[in-house]
Amino acid sequence: MSDWTHRHVLDLAAFSLEDYTTVLELAQRFRAMPTSGARKLPALQGKLVTTLFFEPSTRTRSSFELAAKRLSADVQSFSPSSSSLSKGESLLDTVRTYVAMGADLLVVRHRCTGVPASLARDLDLSGDRVAVLNGGDGLHSHPSQGLLDLFSLARHFSPDSPTPAALRGRRIVIVGDILHSRVARSNLWALTACGADVVLCGPATLLPQAFTAFVDAPPPGQACDPVANRGRITIERNLDQALAGADAVMTLRLQKERMNQNLLTSLESYHRAYGLTHARLQACAASVPVLHPGPVNRGVEMSGALLDDPSHALVEEQVTNGIPIRMALLYLLAAG
């Protein structure tokens, strides 16, 4: 952990292979903690973690708050509906209020791309030693979700040693609404960094061809890619062909709240073309794991029978793994 250099966690594009290794190894140690009796570690005792969620959330917010409490941090939650934002206060002034109350780490989720990064930049310029962790921003990034998905897959392929090496050479299929998914973008950075080849599948309206070049260049403001050799990204429009030989499959929710035009003919036709079922998984490797970041629309992204089948579905495992992954991130940022 002495090599950890990140003041903030805003985007997995900035992560090196060593960063992924550090987070996964620490998460594995936290995952091994007893689930009953005294479950708290004193690692962040006296630290204040503030969750600022300007968008609704069940899994991410609850998981971060539980992770902070298991590390003995104090937790402070923000609710937009009862805040002074309704009186005209700016977002930055709202954040500065929590910083003035002693927040050591801010977990920020916002519907607009770039808000967590903008807040981190403003706080750095003002000299505030507060870490910012992106809990999801617009269509841009959801780093903790990408990391917990990576951890879930690594544990599936290598239960005793869930490191990035467990993903090398794997064929991972991501199917669905790629266009509107910050989860997909974070997974593309994480999976290719670990040497996995990612096959994207979906209709052209939800999966532009440009995604094949998504990780070819570092994002604006970043001089170079911290990963020397990444896995490949390809696009396959036919789901049955995409699933052939797949080692793992991730399906994504149709984000109708982010769609500003008619991108689908119907949910029924979408499920026929891109919905996961037991029958479709016959083309994959045996006991292929199926992931979904949640919430799941049963009968749309996947059948209810598949979602309830623990021999394939890792959805609840993802939720469980979200706690140690977020414990790892909080520890690395706040303890440092």
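Would you mention how many residues in the stretch 269-319 are within 19 Å of the chain's Cα centre (by Cα), buried (at least 17 other Cβ atoms within 10 Å of the Cβ) and charged (D, E, K, R)? Within the stretch 269-319, residues that are within 19 Å of the chain's Cα centre (by Cα), buried (at least 17 other Cβ atoms within 10 Å of the Cβ) and charged (D, E, K, R) number 2.
None of Val296, Val290 is more than 19 Å from Val75 (Cβ to Cβ), outside the structural domain of Tyr20 (by TED's automatic domain parsing), touching a Lys or Arg at 6+ places or on another chain (Cβ under 9 Å) and not charged (D, E, K, R) except Val296.
Ala43 fulfils the conditions (1) among the aliphatic types (A, V, I, L, M); (2) modelled with pLDDT of 95 or more; (3) not in a helix (DSSP H, G or I) except for a single criterion, (2). Thr265 meets the conditions (1) among the β-branched types (Val, Ile, Thr); (2) more than 22 Å from the chain's Cα centre (by Cα); (3) modelled with pLDDT of 90 or more in every case but one. The failed one is (3).
Residues in the stretch 218-234 that are more than 25 Å from Val175 (Cβ to Cβ) and loosely packed, with under 15 Cβ neighbours inside 10 Å: 8 in all. Is it the case that the stretch 48-65 has a residue that's in contact with an Asp or Glu (Cβ under 8 Å, 6 or more places away or on another chain), part of a helix (DSSP H, G or I), surrounded by 14 or more Cβ atoms within 10 Å (Cβ to Cβ) and not acidic (Asp, Glu)? Among the residues of the stretch 48-65, not one is in contact with an Asp or Glu (Cβ under 8 Å, 6 or more places away or on another chain), part of a helix (DSSP H, G or I), surrounded by 14 or more Cβ atoms within 10 Å (Cβ to Cβ) and not acidic (Asp, Glu), which makes the answer no.
Of the residues screened, Phe151 is not one that is touching a residue at least 12 places away in the same chain (Cβ under 8 Å), surrounded by fewer than 23 Cβ atoms within 10 Å (Cβ to Cβ) and not polar (S, T, N, Q). The residue pairs whose first member lies in the stretch 7-18 and is outside any strand (DSSP E or B), whose second member is of a type in the set (Phe, Trp, Tyr) and at pLDDT 95 or above, and whose beta carbons are closer than 8 Å, counting only pairs six or more residues apart or on different chains, are Asp11/Trp189; Leu12/Trp189; Ala13/Trp189; Phe15/Trp189. Of the candidates Thr163, Thr192, Thr212, the single residue that is surrounded by fewer than 24 Cβ atoms within 10 Å (Cβ to Cβ) and over 26 Å from Arg7 (Cα atoms) is Thr212. Here Leu200 meets each of (1) among the hydrophobic types (A, V, I, L, M, F, W, C); (2) part of a strand (DSSP E or B); (3) under 27 Å from Met327 (Cβ atoms) with one exception, condition (3).
Within this structure, Ala204 fails the test of being under 21 Å from Ala154 (Cα atoms) and either among the aliphatic types (A, V, I, L, M) or over 19 Å from the mean Cα position of the chain (by Cα) (or both).
The values are calculated or read from the model by the stated rules, or taken from the named source; none is laboratory data. No experiment lies behind these values; they were computed from the predicted model shown. A quick note on method: Cβ atoms are made from the backbone with ideal geometry, for glycine too, and the neighbour counts reach across all protein chains shown.
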